[in-house]
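Laboratory data are not the source of any read-out in this text; all were calculated from the coordinates shown. Because the structure is a prediction, the values reported are computed rather than measured. Quick reminder, even Gly has a Cβ in these numbers, built from the backbone with ideal geometry, and neighbours come from all protein chains shown.
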Amino acid sequence: MAFDIEMIEKVYATMAERVDKARELVGRPLTLSEKILYSHLWEGMPTQAFTRGKDYVDFAPDRVACQDATAQMALLQFMHAGKSKVAVPTTVHCDHLIQAKSGAEADLAFANKQSKEVFDFLSSVSNKYGIGFWKPGSGIIHQIVLENYAFPGGLMIGTDSHTVNAGGLGMLAIGVGGADAVDVMSGMSWELKFPKLIGVKLTGKLNGWTAPKDVILKVADILTVKGGTGAIVEYFGEGAESMSCTGKGTICNMGAEIGATTSTFGYDDSMRRYLVATGRQDVVNAADKVASYLTADAEVYANPDKYFDQLIEINLSELEPHINGPFTPDRGTPVSKMKAEAEANGWPIKVEWGLIGSCTNSSYEDMSRAASIVRQAVAHGITPKAEFGINPGSEQIRYTIERDGIIADFEKMGTKVFTNACGPCIGQWDREGADKQEKNTIVHSFNRNFSKRADGNPNTHAFVTSPEMVAAIAIAGRLDFNPITDTLLNDNGEAVKLNPPIGDELPTKGFDVKDLGFQAPAADGSSVEVVVSPTSDRLQLLAPFDAWDGKNITGAKLLIKAFGKCTTDHISMAGPWLRFRGHLDNISNNMLIGAENAFNGKANSVKNQLTGAYDEVPKVQRAYKAARIPSIVVGDHNYGEGSSREHAAMEPRHLGVKAVLVKSFARIHETNLKKQGMLALTFANEADYDKIQEDDTINFLDLTDFAPGKPLTLEFVHADGSKDIIMANHTYNEGQIGWFVAGSALNLIAAGKA
Ligand code: F3S
């Protein structure tokens, strides 16, 4: 399991020289983000200054992490690339495929049975190719990465949007699609558009009921789900230094909810404390030697408006606890305003469930602060009005909080302790009665609250808040409960006021664990066999996608014009579909079933232009594929926001969709489409979206001249014979056009040309 101190020392050994050179080239002081980026260039020593938001740059990440749902496809692709061992330290974490139902023991046993085939596949591939394997029950990927692998100044990628969590330990950690991970695991560079930089200056100090979560809930409210797109968010100031390392992780984690490339904090004492507590004094010793390179130059934080593209200032002393939602994490409501907001919007006041966990908030500190609220309720004889569940972030945390009596405190209140895994956060929640689709409210400490995310019920109003607020609200059973001002009635009818939460940043007796749940890979994996049954409905070896035939795409049908929010959940739904993540053909039956058809306002109902009848999106697309007719998808703003799920790009590719034309893309999804050999295009004129009609046939007029910076011309032929010429922009560079031409990025790797 051991973290790779040699690799870390190697990164630090070249850091000073590279950063000093970059400072000279850029000609001004550097932010922390720039220092990490310039010290991880694929070319090594910087030779030029890059323009933020414009230049595509090749980087050399230090690590890769994959979770079990995305790892299946990533590893299937990696096998297809023909390498014998991963080129950089890589880990696989089994956390997404475990359903929360009865409690940890029974749920884990069930998952081990139900997903045995997948876990065995991941375990054997990991063993063969030199990958560290974290078994089911070991914990949530991002918590384990923070506890074991993250280090200040590092650059890592992960096949999960919340990889960004590791920014809490001063890394740049970025969520990518499986295809990007495959590149890096195969020893290739990783490309990223040099991000813009948003500075967040934190003054004052958190106090009372306010937690690190409230910082990011406030930032999400300010920036919205699109506000961080293409940018790194760098936090600094006295307020940043006063927060715990895991609290910083919480803030960075939810940077994914504002679309940010990643978020980070400069190296400080909270990180030293956390590294020591998690057994990494060696990393502290190494980091201390280059400490000035692990934070921005002093001038940057002294005059931040000169060095960041955007600056936000938050006074932590004045920050109120926030409750964000429902249905979107950027709808922020300070606790004092919730009563009025809930009434005005008709949100159900009664809270049915409080859930604490997810990679966002499942640290020792989170659990201990929430437990301090629970303890008060028990001591005062208050029966909680809502049901309560927790998912510890890792076995190390679970074992330690059990030892310290925290689990017992939760259990006194009837709390269900679920597996150390994602559980309800990813829709892996067998919630009793959810199928009745009743309007109801839940509060949780997770990061996402899109419709249906937790329990599949579109009428569940999910609100995101801090663990301590989840505890208070679940005990009160009311969404409008404000623990700062309100009292609760105990079982004797007496009014009780809860004291603000208290808790330990780190366990005073240290972390402890019996079995981490880690499997180290074989030293020589050449004889390890990886078995995939040809009759499996969960795993399927991949066949390469066809190369471009060099001709214009003509006679394409419009599959769907999606209206409004179209996240990767809408394109490739999670929940029950997670089980098909390793089987491209089977999972393609969920393609775009959550997207709203702009012509009839319905989900999963589009016109089959061959028959004129309405049918489910995957069925219509399969009909086009069978008839060898290409198709295109049209979408709205921020298409593909949400996650790094490359299935959202592979499914349309597999089923024969040729292009996705939208008003704007979420970054990861746009890259994923390119990697799979699709055309990811944006309207040159957004208003042209309105010209697209339901029976349109589309001809590309100049795809044969596909070139960087040159818009493509599309002809939309309407049912009445009239035509509209629509210009489509794209962001393909030469290399990415090579992916399109070869049929996919992987085809180029396998051919040894990339
Ligand atoms: Fe898992 Fe939810 Fe995080 S799905 S990785 S706990 S966002």
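I want to make sure I understand the PRE zone here: with the label point 7 angstrom from the Cα of Val26 toward its beta carbon, which residues in segment 289-307 have backbone N atoms less than 20 Å away?
Within reach of a label on Val26: 290-307.
At a Förster distance of 30 Å, what's the computed FRET efficiency of Lys691 paired with Ala543, Cβ-Cβ distance as r, to 0.05?
It comes to 0.20.
Under the 0.36 nm per residue contour assumption, what length would be gained going from the current alpha-carbon distance of Ser526 and Asp705 to full extension?
60.0 nm
For Arg331, Arg453, Arg28, what's the fewest-to-most ordering of other Cβ within 10 Å of each Cβ?
Ascending Cβ contact count within 10 Å gives the list Arg28, Arg331, Arg453.
Along the Cα-to-Cβ line of Asp724, 7 Å from the Cα, sits a label point; which residues in segment 568-604 have backbone N less than 16 Å from it?
Those under the cut-off are 598-600.
Want the number for Glu715 to Asp4: 0.36 nm per residue separation, take away the alpha-carbon distance, what's left?
Extending this stretch completely gives an extra 250.5 nm.
Given N residues in the chain, what is Rg(Cα) / (2.2 N^0.38 Å)?
In units of the 2.2 N^0.38 Å rule of thumb, it is 0.92.
If the cut-off is 30 Å between C-alpha atoms, which lysines fall inside it for Lys497, apart from same-chain ones fewer than 8 positions away?
Lys497 reaches Lys205, Lys213, Lys218, Lys248, Lys337, Lys339, Lys350, Lys385, Lys412, Lys416, Lys439.
Give, to the nearest whole percent, the P(r) tail of segment 321-491 beyond 25 angstrom, counting all Cα pairs.
25 percent
Can you figure out the FRET efficiency of Leu610 with Tyr56, using R₀ = 35 Å and their beta-carbon distance, to the nearest 0.05?
The calculated FRET efficiency here is 0.30.
Which whole-number percentage describes the relative contact order of segment 109-206, with Cα contacts under 8 Å and a sequence gap of 6 or more?
16 percent
At a Förster radius of 35 Å, what calculated FRET efficiency corresponds to the Cβ-Cβ distance of Thr554 and Lys226, to the nearest 0.05?
Once the sixth-power term is evaluated, E becomes 0.55.
Going highest first, how would you order 470-477, 628-635 by mean Cβ packing within 10 Å?
Packing order, densest peptide first, comes out as 470-477, 628-635.
Placing unit charges on C-beta atoms (Lys and Arg positive, Asp and Glu negative, everything else neutral), compute the dipole magnitude of segment 297-353 about its Cα centre in debye, rounded to 20.
Dipole of segment 297-353, to the nearest 20 debye: 420 debye.
Can you give me the Kirkwood hydrodynamic radius for segment 556-750, using every pair of distinct Cα atoms, in Å to one decimal?
Result for segment 556-750, one decimal place: 16.5 Å.
With a 10 Å radius around each residue's Cβ, average the other Cβ atoms per peptide and rank 81-91, 205-215, highest first.
Per-residue Cβ counts within 10 Å, averaged per peptide and sorted highest first, yield 205-215, 81-91.
Show me 640-649, 314-323, 740-749 ranked by packing, highest mean number of other Cβ atoms within 10 Å first.
The most tightly packed comes first, giving 640-649, 740-749, 314-323.
Given 0.36 nm per residue, what is the gain on full extension from Glu494 to Asn345 after removing their alpha carbon distance, in nm?
Between Glu494 and Asn345, full extension yields an extra 50.5 nm.
Along Cα→Cβ, 7 Å out, is where each label goes; now give me the distance between the ones at Ala302 and Thr535 in nm to one decimal.
So the two model labels end up 7.3 nm from each other.
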